[in-house]
Amino acid sequence: MKILLFGGTFNPPHLGHIALLENCVRTIKPDEIRILPLGTPPHKAADSTSTEHRIAMCQVFCEILPNCIIDIRETIRPGKSYTADTVQELREKYPDDEFYLCIGSDMFLSFETWHNYEYLLKETILLVHLRDENDIEEVFQQQEKFLNMGKKIIFLQDNFINISSSEIRKMHQEGKNIEPLLHEYVYNYILKHNLYR
């Protein structure tokens, strides 16, 4: 079985996340998609939006795609949340399955700083989203290094909506229109719960 691991803070999940996830699904045709909202991510500062709100907004992915599961293990794990710990837990449960880990090219370039990154390279196939054309030369140098280690990497090169969740939060605080950047479900959720004001 192919299991796609799609993690992020998702604060909020936006149309760029959805487009990327749909491209991952087209590329590898997974049997199962695990959406992994992060708890306390090592690479990002904490935010005041509650975990419950972020998990609820992640339901948008299940509205769009079949075989989608919201996996909250990282939100209930104490302390910093490490992807390697999640993969290890899943590997124990699914010893014979194939794991695909979707990350951005910025994370790919710093992948060797990740906790237990060698284990991740051993246990997952990386799906790398090329977020910035300026990164391409550096990305391919990193790819060459990992290929020499015998690791498989898949690159996703579609054009995605170039927006971040932090930009959306800032726009909403400033009274700008964020509706075009979000699925209807997420937009209505933000309004209903008065988030990011």
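Take Lys151 and decide whether it is in a helix (DSSP H, G or I), among the basic types (Lys, Arg) and surrounded by fewer than 17 Cβ atoms within 10 Å (Cβ to Cβ).
no
Considering (1) under 22 Å from Gly39 (Cα atoms); (2) modelled with pLDDT of 95 or more, say which one Ile125 fails and leave the rest.
Going through (1) under 22 Å from Gly39 (Cα atoms); (2) modelled with pLDDT of 95 or more one by one, Ile125 breaks only (1).
If you go through segment 122-147, how many residues are in a helix (DSSP H, G or I) and aliphatic (A, V, I, L, M)?
3
Which residues, counting only those in segment 75-121, are closer than 24 Å to Cys58 by Cα, at pLDDT below 95, among the charged types (D, E, K, R) and part of a helix (DSSP H, G or I)?
Asp106
Return the pairs, sorted by first residue and then second, in which the second residue is of a type in the set (Lys, Arg), the first residue lies in segment 64-83 and is over 26 Å from Glu184 (Cα atoms), the beta carbons are less than 9 Å apart, and the residues are 6+ apart or on different chains.
Ser81/Arg73
Give segment 17-46 a look and list any residue that's exposed (fewer than 14 other Cβ atoms within 10 Å of the Cβ) and either at pLDDT below 90 or within 13 Å of Gly7 (Cα to Cα) (or both), or say none.
Pro42, His43, Lys44, Ala45, Ala46
For segment 114-134, name all the residues that are touching a residue at least 40 places away in the same chain (Cβ under 8 Å) and surrounded by 20 or more Cβ atoms within 10 Å (Cβ to Cβ).
Residues satisfying the conditions are Thr124, Leu127, His129.
Please give the number of the condition Ile163 fails out of (1) among the aliphatic types (A, V, I, L, M); (2) in a loop (DSSP other than H, G, I, E, B); (3) free of Cβ contacts under 8 Å to residues at least 40 places away in the same chain.
Failed condition: (3).
Tell me, please, whether a residue that is basic (Lys, Arg), touching a residue at least 12 places away in the same chain (Cβ under 8 Å) and over 30 Å from Gln141 (Cβ atoms) can be found in segment 90-103.
Step one: filter segment 90-103 for residues basic (Lys, Arg), giving 91, 93.
Still in the running and touching a residue at least 12 places away in the same chain (Cβ under 8 Å): 91.
Those still in the list that are over 30 Å from Gln141 (Cβ atoms) too: none.
No, segment 90-103 contains no residue that is basic (Lys, Arg), touching a residue at least 12 places away in the same chain (Cβ under 8 Å) and over 30 Å from Gln141 (Cβ atoms).
If you go through segment 58-97, how many residues are acidic (Asp, Glu), surrounded by 16 or more Cβ atoms within 10 Å (Cβ to Cβ) and in contact with a strand residue (DSSP E or B) (Cβ under 6 Å, 6 or more places away or on another chain)?
2
Being polar (S, T, N, Q) and assigned to a helix (DSSP H, G or I) is the filter; apply it to segment 166-197 and report the residue that is nearest to Val139 (Cα to Cα).
Start the filter on segment 166-197 by keeping residues that are polar (S, T, N, Q), which leaves 166, 173, 177, 188, 194.
Checking the rest, the ones that are also assigned to a helix (DSSP H, G or I) come to 166, 173, 188.
Values: Ser166: 24, Gln173: 34, Asn188: 37 Å.
The extreme case among them is Ser166.
Would you check which residues across segment 128-154 are more than 21 Å from the chain's Cα centre (by Cα), among the acidic types (Asp, Glu) and farther than 19 Å from Thr113 by Cβ and list them?
Correct list: Glu137 only.
The values are calculated or read from the model by the stated rules, or taken from the named source; none is laboratory data. Just so it is clear, the model here is predicted, and its values are computed rather than measured. In this analysis, Cβ positions are derived from the backbone assuming ideal geometry, glycine residues included, and neighbour counts consider all displayed protein chains.
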